[in-house]
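First up is the structure itself, then whatever we jot down about it.
The values are calculated or read from the model by the stated rules, or taken from the named source; none is laboratory data. A quick note: this is a predicted structure, and the numbers were derived from the prediction, not measured. So basically every Cβ, Gly included, is an ideal-geometry build from the backbone, and we count neighbours across all protein chains shown.
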């Protein structure tokens with residue numbers, strides 16, 4: 001029996017796709033890069049995942065795990081063909097434990113569905129990447145996803161207590177604990193989180209939940225000069241605990257304003273005003289107990305105004321939704337005009353953001369490209385988009401942006417991962433000695449290099 005016949009025996013003919021149209025449908029992600037698998041398989045149980053990996057390991061067939069396809073670094077692209085293991089049918093919320101404040105889920109659960117499910121019990125799962133309505137929890141775990149609320153609540157790894165993982169050789173292991181404490185052995189849970197599907201396939205996760213905040217207050221501020229923002233942010237962080245600190249540079253503000261004016265009925269005059277070339281737009285939220293939130297909001301508004309920010313406070317839920325529409329419309333506003341932009345998500349220390357933006361503008365002028373910036377001011381994660389008619393210059397600009405970020409003590413990625421698109425640059429950040437260590441770890445988990453090969457420079 002050939003490999004396809006054996007796969008069909010494991011999952012049935014209806015969960016095995018081989019037609020060219022189907023392969024094209026699943027052979028790309030948000031990077032718009034295309035790599036076709038030889039087949040697409042939809043397992044529904046841990047046992048099926050284990051059987052598929054045992055077969056693949058025996059026959060040396062590449063296997064690439066995939067969730068919702070919202071990745072931005074090519075991490076789920078089957079660059080060496082083989083089996084694309086789509087986990088979206090493993091989509092059950094297995095348990096919401098109110099007493100211990102945990103949820104146990106399968107990897108195909110959509111993040112937004114989990115958030116809504118636990119909120120019915122007065123609980124909260126904080127990680128919130130922009131793709132929360134389509135991204136799966138398995139993908140979030142593979143990439144250690146973050147989002148706007150990272151500044152207060154942290155990233156995915158801060159909420160994962162334990163995992164069920166199928167190793168490339170087919171064995172099933174359970175890492176971590178369901179309790180809040182546990183220090184027995186190496187922390188394999190954290191090793192799997194952020195490993196981008198190169199060490200194992202997550203088939204179950206136990207997640208930590210926290211009480212849902214009682215109240216939220218949302219504010220926006222426009223500053224004429226980017227440097228004014230840093231002084232305001234320093235004082236805000238010293239006096240309160242904002243749950244969100246997002247920013248847009250002047251290019252992003254203008255692009256979103258024009259996009260919303262053209263495409264939507266929207267109160268642009270209330271939320272967006274004409275801005276200078278050096279302007280910065282902030283979106284700030286505080287959450288928690290109502291009395292604390294109101295007090296912090298008053299203090300934050302005062303600080304923003306003292307630093308010459310033009311401030312608006314969202315007084316209703318409708319206004320809050322419109323404020324968030326600004327932030328969540330950046331990507332679509334870019335795509336409405338620039339079809340071939342390159343998006344990166346570098347990180348620098350918060351105090352270095354203004355310097356990073358200034359040096360990115362120098363790159364813009366030097367290489368005759370356009371550079372647009374927005375992202376998470378609270379944790380230094382900048383989403384940088386580069387546009388230009390010359391692909392070589394765009395590529396060079398991206399490399400210069402990586403160099404600048406590293407020179408400022410930052411990183412080449414904050415939440416999108418290394419995957420395929422940044423594999424060449426990982427040694428720039430961690431050095432060859434760490435790369436050799438990563439390859440030895442990969443070899444220990446995956447002796448035949450079948451699981452997500454060609455990613456992160458691990459070969």
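Could you please find all residues in the range 361-386 being assigned to a helix (DSSP H, G or I) and in contact with a helix residue (DSSP H, G or I) (Cβ under 6 Å, 6 or more places away or on another chain)?
363, 367 - these are the residues of the range 361-386 that are assigned to a helix (DSSP H, G or I) and in contact with a helix residue (DSSP H, G or I) (Cβ under 6 Å, 6 or more places away or on another chain).
Conditions (1) closer than 23 Å to residue 221 by Cβ; (2) more than 19 Å from the chain's Cα centre (by Cα); (3) outside the structural domain of residue 233 (by TED's automatic domain parsing), marked per residue:
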residue: 319; (1), (2), (3): yes, yes, no
residue: 327; (1), (2), (3): yes, no, no
residue: 346; (1), (2), (3): no, no, yes
residue: 349; (1), (2), (3): yes, no, yes
residue: 353; (1), (2), (3): yes, yes, yes
residue: 356; (1), (2), (3): yes, yes, yes
residue: 359; (1), (2), (3): no, yes, yes
residue: 362; (1), (2), (3): no, yes, yes
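Just checking, does the range 428-446 include any residue being part of a loop (DSSP other than H, G, I, E, B), out of contact with any strand residue (DSSP E or B) (no Cβ under 7 Å at 6 or more places or on another chain) and in the same structural domain as residue 355 (by TED's automatic domain parsing)? Let's see the steps before the verdict.
In the first step, residues of the range 428-446 are kept if they are part of a loop (DSSP other than H, G, I, E, B); the result is 446.
Pick out the ones that are also out of contact with any strand residue (DSSP E or B) (no Cβ under 7 Å at 6 or more places or on another chain) and you get 446.
Applying the additional criterion that residues be in the same structural domain as residue 355 (by TED's automatic domain parsing) yields 446.
For the range 428-446, residues part of a loop (DSSP other than H, G, I, E, B), out of contact with any strand residue (DSSP E or B) (no Cβ under 7 Å at 6 or more places or on another chain) and in the same structural domain as residue 355 (by TED's automatic domain parsing): present.
If we only count helices (runs of 4 or more DSSP H) wholly inside the range 95-159, which ones have 3 or more residues that are outside the structural domain of residue 330 (by TED's automatic domain parsing) and surrounded by fewer than 18 Cβ atoms within 10 Å (Cβ to Cβ)?
Counting at least 3 such residues, we get 111-119.
Report, by residue number, each residue of the range 435-459 that is touching a helix residue (DSSP H, G or I) at 6+ places or on another chain (Cβ under 8 Å) and farther than 26 Å from residue 54 by Cα.
Scanning the range 435-459 gives a single hit, 435.
So how many residues does the range 302-327 have that are surrounded by 15 or more Cβ atoms within 10 Å (Cβ to Cβ) and out of contact with any helix residue (DSSP H, G or I) (no Cβ under 9 Å at 6 or more places or on another chain)?
Count: 2.
Looking at the range 228-251 only, could you name the residues that are more than 12 Å from residue 376 (Cβ to Cβ) and under 24 Å from the mean Cα position of the chain (by Cα)?
Listed by number, the residues that qualify are 237, 241, 249, 250, 251.
Confirm whether residue 333 is in the same structural domain as residue 236 (by TED's automatic domain parsing) and within 28 Å of residue 150 (Cα to Cα).
Yes, satisfied.
For the range 1-64, list the helices (runs of 4 or more DSSP H) that sit wholly inside it and hold at least 3 residues that are farther than 18 Å from residue 165 by Cβ and out of contact with any helix residue (DSSP H, G or I) (no Cβ under 6 Å at 6 or more places or on another chain); which are they?
Those helices (runs of 4 or more DSSP H) span 3-11, 20-26.
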